[in-house]
Amino acid sequence: MSQTDNHTAMDTDTLLRRFRAKFGRPSEDTDAERVFHAPGRVNLIGDHTDYTGGLVFPCGIDRGSHLVIRRNATGRFRFASTNFELMGDLHRDEIDRKWGDTWINYPLGVIDQFRRRGIEAEGVDCLFSGDIPNGAGLSSSASIEVVTAVGLNALLDAGLDNLELVRLAQQAEHDFVGMQCGIMDQFAVAMAEADHAILLDCHSLEYRQVPLQLEDHALVVINTNQRRELNESAYNERVAECARALDLLAPHTGISRLGELTPEALDTHKACFAHDAVAFSRARHVATENERVQNAVPALEAGNLIEFGRLMNASHDSLASDYGVSSVPLDTLVSAARATDSVLGARLTGAGFGGCTVNLVAQDALAHFERSVGLRYREATGLTADFYRVSPGAGARVVEID
């Protein structure tokens, strides 16, 4: 199934009507509604390097999350979504703990971070609406977190800058949700610029916006529709393995974070891993992936899309073999894509364990690419892939209400 050209986010007027149907019209005791948007993101290269203080190269996409939010005077925090039936209605004394295993924990975690900073709301009504495929690895959770942070920051006149909001949203994921994620997702969602990707050093947070000039090629995201069961233990296990690798290397190399490691230094000190082959493989991915990002950005800037695509391919192979975060459906999609002449590069994107691939495809062959890859994938797995042609979208922002 292709969802390429006909996706439309719910328009503002419709969102306001849905909001008022759930929460009522504004009254003397409530503020007027405000609307905010945050995109999803796709990482072009540089995965599982952010929490090691390495390099990443993501861009925002033209899909994301809208939030309609309004303060109320009831002392209650109410959450609804146009994407899920579940609705939360919590008293202010209940918002300091997780609410089951639901999407509502993402905005709750952000509210918790504001409270820790002494920034309180008496109560809010929130309606979320998104067109990011749920569980696909395009950062729907970071999109919800960031749009909540941006909305509360404006609603409460908190005066936090974008970087503080990024850190706050990441901390919500750590402390409330329990996922020890790096900062890439929240950073990309908040700071993205249209028609650009971000070269980000996840240690220093130095970054620059790189024009994404793909000439006669396009980015196609393919959803395996293998639900990305990225639970806390699977992801956090990789974080722990990288920490173990650093512990083995630090006394011999002087590095303080794994993101500093070069392939040459790892080769020199391979003996450190005589009894921990898993930690060695994780370190090798981090070292080579950082090098791939370093090489990919100048290749893209020079218009060398063939080299950029080659590095995308090498990134997937490393994520699959050294990092162990691919899956049979992901590998099947990547193989089917690479067997198509119109494709320069194909790789899993995001954390893996299911989810999506990102592909660099010739524009004049997009329809054929979707048909042939979709057919091969369905024959091999019995699953039906969804295809999304994405454009680099702008970061979190206010949506004006007419």
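The values are calculated or read from the model by the stated rules, or taken from the named source; none is laboratory data. Note that the structure is a prediction, hence the values are computed from the model and not measured. Neighbour counts run over all protein chains shown; Cβ positions are idealised from the backbone, glycine included.
A few comments on the model shown:
- Verdict on residue 292 being free of Cβ contacts under 8 Å to residues at least 40 places away in the same chain, assigned to a helix (DSSP H, G or I) and surrounded by 16 or more Cβ atoms within 10 Å (Cβ to Cβ): no
- Residues that are touching a Gly at 6+ places or on another chain (Cβ under 8 Å) and surrounded by fewer than 24 Cβ atoms within 10 Å (Cβ to Cβ) within the range 327-350 comprise 327, 329, 343, 344, listed in sequence order.
- Any hit, the range 92-113, residues being closer than 30 Å to residue 221 by Cα, surrounded by 24 or more Cβ atoms within 10 Å (Cβ to Cβ), in contact with a Pro (Cβ under 6 Å, 6 or more places away or on another chain) and of a type in the set (A, V, I, L, M, F, W, C): no
- Of the residues making up the range 150-170, those that are buried (at least 24 other Cβ atoms within 10 Å of the Cβ) and within 16 Å of residue 78 (Cα to Cα) number 2.
- Annotation: residue 170 fulfils all but one of (1) farther than 26 Å from residue 386 by Cβ; (2) in contact with an Asp or Glu (Cβ under 7 Å, 6 or more places away or on another chain); the unmet one is (2).
- Residues being in a helix (DSSP H, G or I) and either farther than 30 Å from residue 384 by Cα or modelled with pLDDT of 95 or more (or both) - total across the range 185-236: 6
- Scanning the range 35-85 for residues that are crowded, with 24+ Cβ neighbours inside 10 Å, of a type in the set (Gly, Ala, Ser) and not in a strand (DSSP E or B) yields 46, 54.
- In the range 243-262, the residues that are assigned to a helix (DSSP H, G or I) form Cβ pairs under 7 Å with partners that are of a type in the set (Asp, Glu), at six or more places apart or across chains, as follows: 244/276; 248/276.
- Single residue of 361, 398, 325, 390 found to be out of contact with any Lys or Arg (no Cβ under 6 Å at 6 or more places or on another chain) and more than 24 Å from residue 143 (Cβ to Cβ): 361
- Among (1) over 24 Å from the mean Cα position of the chain (by Cα); (2) assigned to a helix (DSSP H, G or I); (3) without any contact (Cβ under 8 Å) to a residue 40 or more places away in the chain, the one test that residue 369 misses: (3)
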